[in-house]
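Since every read-out is calculated from the coordinates, none of them should be taken as a lab result. Predicted model only: the values in this text are computed from it and were never measured. Quick reminder, even Gly has a Cβ in these numbers, built from the backbone with ideal geometry, and neighbours come from all protein chains shown.
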Amino acid sequence: MDDQQIRSEAPLDHLCTALSAALEDGGEGAAELTPLLAAYAVGEEDWRACARFVEGGYTRNLLFRDERYELLALCWSPGQESPIHNHMGQRCWMGVLEGRIEEVQYQPPTGEGPLVEKGLRVFEPGQVAFITDEIGLHLVRPADGSPAVSLHLYSRPFEFCRGYDSATGVERELALSYHSVRS
């Protein structure tokens, strides 16, 4: 009997079950989450049914949400990028499903004035990034002028974050919404 016949759950459902177990009872589970996301990112494609691209901005497509975490697929067309933003005190893992993703990190703001860039990293399919507000702010975009899809896990759902102007450090509230919701 092969693996397809034994496993009755779809791969995305299986991932969500594993993430829920790792985060059960408020557990940190961080050591378990990165390999779970990496394995899913390189081995599965059922996320494609949830991927939505639009012109003029990236899309946030909700795959799963409960009180402990939310899992989203973000679809990036060439030339699109997120604002520089924080994560409202939550932990964020970002895995690359397709294409390549650039992450530009910035020092946490210390007052007025321009933000200080910490560096740029490029992630390939299967690689997973991690960020918290203590680590800094970041901007995310597709690399190489090609479309990309990234998988984002937030340790607690949140409806807004803070966006920052790189030249002035001025912050503003950004409302977060979904372009699609997996049923």
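With K and R counted +1 and D and E -1, the other residues having a Cβ less than 15 Å from that of Val42 yield a net charge of -3. Counting beta carbons within 10 Å around each of Met88, Met94 and listing the fewest first gives the order Met88, Met94.
Among residues other than Ala148 with Cβ under 12 Å from its Cβ, the summed charge is -4 (Lys and Arg +1, Asp and Glu -1).
Once both labels are positioned 7 Å from their Cα atoms along Cα-to-Cβ, the gap between Val54 and Val122 label points is 2.9 nm. Residues Cys161, Cys75, ranked from the fewest to the most other C-beta atoms within 10 Å, line up as Cys161, Cys75.
Region 47-112 and region 142-158 have Cα centres lying 4 Å from one another.
Across the chain, Cα pairs under 8 Å and at least six residues apart give a relative contact order of 26 percent. Annotation for Glu67 and Glu45: the two label points, set 7 Å from Cα along the Cα-Cβ direction, are 3.9 nm apart.
What residues qualify as long-range amide H neighbours of Glu98, i.e. H under 5 Å apart, gap of 5 or more or another chain, H built at 1.01 Å from N? Answer set, sorted by chain and number: Val149.
Here the Karplus curve 6.51 cos²θ - 1.76 cosθ + 1.60, taken at θ = phi - 60°, turns the phi angles of region 57-68 into couplings of x, 7, 10, 10, 10, 6, 9, 7, 8, 9, 5, 8 Hz, with x standing for Gly and Pro.
Taking label positions 7 Å along the Cα-Cβ direction at both Phe158 and Thr110, the computed distance is 2.2 nm, reported to one decimal.
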